[in-house]
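Novice: A single structure is presented below for examination.
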Amino acid sequence: MPLSTVGTGREDVTTTPWPVPQERRTLTVLFADIVGSTALTERLDPEDVRAVQFAYFDTVAGVLRRWQGTVEKYVGDAVMALFGARTSDGLDGYRAVRAALEIQAALDRRELPGGVTLRVRVGVATGEAVVDLAAARDGGHGMASGAVLTTAARIQEYAPPGGVVVCAATHRATAGLIDQHALAPAALTGKALPVDVWRVTGPTPPRPTRHDGPLIGRRREVATAVDQLIRAAREHRPRWVALVGPDGIGRSRLLAELRHRLPTVDGRPVRWAVVHCPPYPERVFGPVAELLRDLLGPSATEGTDTVRARLATLVDGLVPPGQVAATVAALAALLDAPDRAAVAGAAAVRRVLLALAARRPVVVGVDDLDRAAPELGHFLHSLFAAATARGLPLAVLATHRPDRADPHLTPTDRHHRVELTPLSTLHTGRLLRRLLTRAGRPVAAAARLVPLVAGRPGHATAYVHASVRPTGPDAVGGVADTGARGTPYPLTGRPAGPPLPEPLRRRAAALLDRCDGPHRAVLMAAATLDVEFAASSVDVLLGWAAGRAARALRRLTDAGLVRSGAHGGHVIVDPALRRCAYDRLPRAVRAEFTQRAEAIRPAGTARQAGTALRTGTSHRTGTGRSVMAIRPGTDPEPGAATGSSSPSGGSGQRTAAGGAVPGHDPRRCAAGIDEPRRSAAAGIDDPRRCGLLPVFPLPGVEEPRPTFAVCDADGPRPVFALPDAHGPRREFGAAGGGGNAPTGPVPRAGVGRTRGGSIPDGRWAETRGGHRPVDPGSARTGGVVVPLPSRGAGVPTGHGPAAGGRRRRGEGVPRPAVPLPARAA
């Protein structure tokens, strides 16, 4: 798929015209200003001042080009630059901070005219702004508008001369990558409250991420990788195992798990050497130096003499005695400066690893190989080739994204690729509940987060972390209480539900910006439509000729960003990508897309999210009520249960989107059985749009049950969920109105009326189709609901087990009803 133009400095406009002239983007702003410039200009000749300014601007612009920044404006002797103005790689904040640090170092090294020494303050801030894409180039004055530009200029005043300070958002974006120290909160002009700022000092050495808790849903992947590593050790045939998957899928977590699970093979200890590659490596052989440090152990960070002693101990017996001194010197030079000149040190590390493999099995693990410089790839392939030629028990275990192409590898039996797919809904819910419990949050939020996580463990961690430490204006109250404040997605305002966590927004933005203009336009327009949308609708929204969007969607499907829907349409795979694409649109464009979407919708049809996406079965009763039975354990798409007028004269039509949403029972929510069923791929959080109503709490029942939604001319009403392993016919009433639970079953007229009248006290009464509970206190028109098979053992009738005892099998379960004919079932 074509990619946007990402230059080494200037972010030029792509040749393909972009249908949306402006975007709401999260970008990082760098503001640099000279300290004491007024006094400097007073004591220098104007010609000298101009020469100093030119040298200063040349130095700053060169650094910004190296880190892919765009100069927005020059204000006197100050420079404002934008990172992520047109294209983002998800590391805009990191690149801006690295550029700020390099500006300080470059000015210290450069000799300025007249022997002048310049000291600069730099402020870096991250936030949302509206960007004019046509002006997103060097010198494009006024290309961006937003409070983040002013914030960057204000916080730089709190930096010491020669220092760099960052805002809270940039601090979070670079945590673990940059060394930072908190300063006193800054009182900025125009801000009601003080702003937290941090001073940055330099890049952080790569550290492995801590992974606590059990690994969930990766049994097959772990078994496959362990089998390959064991075969390499037993057969003395090196293996190259690649753990491949998108960001957030759990590649690093699986690598840590494999290291933990394979300490020995057949009683022989396995020597592990693992390195984590940072983004934009400063020195090309840095990962090789980290491999050496992992072999040395914790003492590798101590003084020079201690490190040399440890190096001598490591190579003792692995190299000939006459080469020990030269090998130790080369390894020490690699640790001190792992740049391109450290070729001898990298060769020494390769010899050490091969010598270790001659004694015991060796596994070299490399996390995020796609971030590393090409020199690391050459090092690994030469190591693998040498081990293969010697028949050594060595394995290379690398993790990277699916789009990484390795020209050195050929499809042989020694190169194995382990694809990491999204977790199932069951495993995702289990992971969320464990994370929420550990974070001290209610597990009821798991059902709301399952469709947003989309089976990615990293997304689950980000949402739970955001619920514990909410950030941004929309995060007040965390995950548990955001849904009530949201507005229906996506026609009015922002989407309902939890705000998109910052790490997911950065990843989604980078994924979106890899698309060129037309493909990005398709995604952004589709984000304003139903969950499953038609290509023709995208054509109408963008004003394109018929068939153009279909061609673009085929390319997006090949790239894995879009998949085919259940009913012939298309669905955006990642809910975070859909959310980010929608948030990019300015309000005026959203309103225009909404008007065009309404114009192509048939008259008198209310908009539903995911129209006609059904995962259950529905039928129309003789009373004008359309009944939907949802199979338990599935995620029905939104809009599955919609009102339908009766063929015999039912007037009007209402969808479940307008119905009241009953409350939830926290006990059943914790079990994952009492939340509205939503599509895992859709990311819909508003139950009113889903057309599905949660089942009522049934005391003492812990297993999942079918969920039903009933819609008729009077609108949707909640009904009971009656589990039965054999799927018999059940007829039952729905409680009127809202509330957390029904006041009792209700009798009905017409279809399903009892033969002998109502039976009080909520007992079961026989009907022509089976059994139903009856409440003599109200009278509503009834319907027929067909429960599909579930794992539930039964439903208590309200008489519950005896105090102090357990309910025995079959106790409190209604008598089986007459099954429906095969056609209706």
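Novice: Run Arg25 past the list (1) out of contact with any helix residue (DSSP H, G or I) (no Cβ under 9 Å at 6 or more places or on another chain); (2) modelled with pLDDT of 60 or more and report the number of the one that doesn't hold.
Specialist: It is condition (1) that Arg25 fails.
Novice: Sort out which residues of the stretch 373-388 are crowded, with 21+ Cβ neighbours inside 10 Å, over 31 Å from the mean Cα position of the chain (by Cα) and under 22 Å from Gly286 (Cβ atoms), and write them in order of number.
Specialist: Selection gives Phe379, Leu383, Phe384.
Novice: Hey, among the residues in the stretch 192-211 that are part of a loop (DSSP other than H, G, I, E, B), open to solvent by 80 Å² or more (accessible area, probe 1.4 Å) and out of contact with any helix residue (DSSP H, G or I) (no Cβ under 8 Å at 6 or more places or on another chain), which one's nearest to Glu282 (Cα to Cα)?
Specialist: This residue is Arg207.
Novice: Name the pairs: first residue in the stretch 590-602 and surrounded by 12 or more Cβ atoms within 10 Å (Cβ to Cβ), second residue among the aliphatic types (A, V, I, L, M) and outside any helix (DSSP H, G or I), Cβ to Cβ under 6 Å, at least 6 apart or on different chains?
Specialist: Thr594/Leu491
Novice: Does Pro214 count as open to solvent by 20 Å² or more (accessible area, probe 1.4 Å) and under 29 Å from Leu431 (Cβ atoms)? Explain how you work it out, then say what you get.
Specialist: Numbers: open to solvent by 20 Å² or more (accessible area, probe 1.4 Å): yes; under 29 Å from Leu431 (Cβ atoms): yes.
Yes, satisfied.
Novice: Let me ask another. Would you pick out the residues in the stretch 106-126 that are among the hydrophobic types (A, V, I, L, M, F, W, C) and out of contact with any strand residue (DSSP E or B) (no Cβ under 8 Å at 6 or more places or on another chain)? It would help to see each step written out before you state the result.
Specialist: The initial filter retains those residues of the stretch 106-126 that are among the hydrophobic types (A, V, I, L, M, F, W, C), namely 106-107, 112, 116, 118, 120, 122, 124-125.
Residues satisfying the conditions are Ala106, Leu112, Val116.
Novice: Select from the stretch 257-286 the residues that are surrounded by fewer than 18 Cβ atoms within 10 Å (Cβ to Cβ), outside any strand (DSSP E or B) and not acidic (Asp, Glu) and list them in ascending order.
Specialist: Result: Arg259, His260, Arg261, Pro263, Gly267, Pro279, Tyr280, Arg283.
Novice: I would also like to ask the following. Going residue by residue through the stretch 230-239, is there one that turns out to be in contact (Cβ under 8 Å) with a residue 24 or more places away in the chain, in a loop (DSSP other than H, G, I, E, B) and open to solvent by 30 Å² or more (accessible area, probe 1.4 Å)?
Specialist: yes
Novice: Taking Asp339, is it more than 17 Å from Val274 (Cβ to Cβ), acidic (Asp, Glu), open to solvent by 10 Å² or more (accessible area, probe 1.4 Å) and within 40 Å of the chain's Cα centre (by Cα)?
Specialist: Details: more than 17 Å from Val274 (Cβ to Cβ): yes; acidic (Asp, Glu): yes; open to solvent by 10 Å² or more (accessible area, probe 1.4 Å): yes; within 40 Å of the chain's Cα centre (by Cα): yes.
Considered against the rule, which asks whether it is more than 17 Å from Val274 (Cβ to Cβ), acidic (Asp, Glu), open to solvent by 10 Å² or more (accessible area, probe 1.4 Å) and within 40 Å of the chain's Cα centre (by Cα), Asp339 comes out as yes.
Novice: Taking the residues in the stretch 360-372 that are more than 32 Å from the chain's Cα centre (by Cα) and more than 20 Å from Ala347 (Cβ to Cβ) as candidates, determine which candidate is least open to solvent (accessible area, probe 1.4 Å). So that I can check it myself, show each step before the final result.
Specialist: Here is the first cut: in the stretch 360-372, the ones more than 32 Å from the chain's Cα centre (by Cα) are 360-362.
From the residues that got through so far, the ones that are more than 20 Å from Ala347 (Cβ to Cβ) too are 360-361.
Working: Arg360: 84, Pro361: 5 Å².
My answer is Pro361.
Novice: Do any residues in the stretch 142-163 that are surrounded by fewer than 17 Cβ atoms within 10 Å (Cβ to Cβ) have Cβ atoms under 6 Å from those of residues that are in a loop (DSSP other than H, G, I, E, B) and modelled with pLDDT under 95, where the two are at least six apart or on different chains, and which pairs are they?
Specialist: Here the result reads Pro161/Val35; Pro161/Arg119; Gly162/Arg119, each pair linking the stretch 142-163 to a residue that is in a loop (DSSP other than H, G, I, E, B) and modelled with pLDDT under 95.
Novice: Condition test on Gly391, is it buried (at least 21 other Cβ atoms within 10 Å of the Cβ) and small (Gly, Ala, Ser)? Walk me through how you get there before you give the answer.
Specialist: On the way: buried (at least 21 other Cβ atoms within 10 Å of the Cβ): no; small (Gly, Ala, Ser): yes.
No.
Novice: Would you kindly identify the strands (runs of 3 or more DSSP E) lying entirely within the stretch 311-428 that contain at least 1 residues that are closer than 30 Å to Gly217 by Cα and in contact with a Lys or Arg (Cβ under 6 Å, 6 or more places away or on another chain)? Full working, then the answer.
Specialist: Numbers: elements: 362-367, 394-400, 415-419.
Because the criterion is at least 1 residues that are closer than 30 Å to Gly217 by Cα and in contact with a Lys or Arg (Cβ under 6 Å, 6 or more places away or on another chain), the strands (runs of 3 or more DSSP E) in the stretch 311-428 that meet it are 362-367, 394-400.
Novice: Next question. Does Glu290 meet the test of being within 20 Å of Pro203 (Cβ to Cβ) and in contact with a His (Cβ under 8 Å, 6 or more places away or on another chain)? Write out each step before concluding.
Specialist: Numbers: within 20 Å of Pro203 (Cβ to Cβ): yes; in contact with a His (Cβ under 8 Å, 6 or more places away or on another chain): yes.
So Glu290 fits the description; yes.
The values are calculated or read from the model by the stated rules, or taken from the named source; none is laboratory data. Since this is a predicted model, take the numbers as computed values, not measurements. Every residue, glycine among them, receives a Cβ derived from its backbone with ideal geometry; neighbour counts consider all protein chains shown. Areas reflect the complete protein model, heavy atoms only, side chains present, ligands, DNA and RNA absent. Shrake-Rupley method; radii C 1.70, N 1.55, O 1.52, S 1.80 Å.
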